[in-house]
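Enquirer: The structure's right below; bear with me while I get my questions together.
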Amino acid sequence: MDHPLIDLINARIAKAEAEGAFEGLEGAGKPLPQVDDPENATMTRILKENGAVPEFVSLSRELARLREALRETGDRTRRTEILREMSLMEAKIELARRR
């Protein structure tokens, strides 16, 4: 069964085509770029364009921030808290990498 809006979609495409909306587009006549994961290529491109990174990368950045905080503090209580947070962060990173 077709999508309920397929006729409307096709009509709008035909209208845009008749008005020349698809002429002179960048990359016209060239093959599409190869992608590793065709099913998720659009999602991957959007994520990259918006600065999204894999979970383990963002967690690794947080771990680096915690290491810096540990170097900068002399408070023993705070150092203990930071070490605990670092341990949890390392476990999260390991889990994220396995996924």
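Enquirer: How about region 41-57: which of its residues are surrounded by 12 or more Cβ atoms within 10 Å (Cβ to Cβ) and either more than 28 Å from residue 91 (Cα to Cα) or at pLDDT 90 or above (or both)?
Expert: 41, 45
Enquirer: Just give me the residues in region 69-88 being without any contact (Cβ under 8 Å) to a residue 12 or more places away in the chain, assigned to a helix (DSSP H, G or I) and among the small types (Gly, Ala, Ser), in sequence order.
Expert: Within region 69-88, just 87 meets the criteria.
Enquirer: Would a scan of region 5-28 turn up a residue that is modelled with pLDDT under 90 and surrounded by 10 or more Cβ atoms within 10 Å (Cβ to Cβ)?
Expert: No: zero hits.
Enquirer: Another question, if that's okay. If only one of 64, 96, 91 is touching a Phe, Trp or Tyr at 6+ places or on another chain (Cβ under 6 Å) and in a helix (DSSP H, G or I), which one is it?
Expert: 96 is the lone residue from the list that is touching a Phe, Trp or Tyr at 6+ places or on another chain (Cβ under 6 Å) and in a helix (DSSP H, G or I).
Enquirer: Same structure again: Tally the residues that are within 30 Å of residue 81 (Cβ to Cβ) and free of Cβ contacts under 8 Å to residues at least 40 places away in the same chain, restricting the search to region 26-68.
Expert: So the count comes out to 15.
The values are calculated or read from the model by the stated rules, or taken from the named source; none is laboratory data. Quick caveat, the model's predicted, so the values are computed rather than measured. Positions of Cβ are generated from backbone atoms using ideal geometry, with glycine treated the same way; all protein chains shown enter the neighbour counts.
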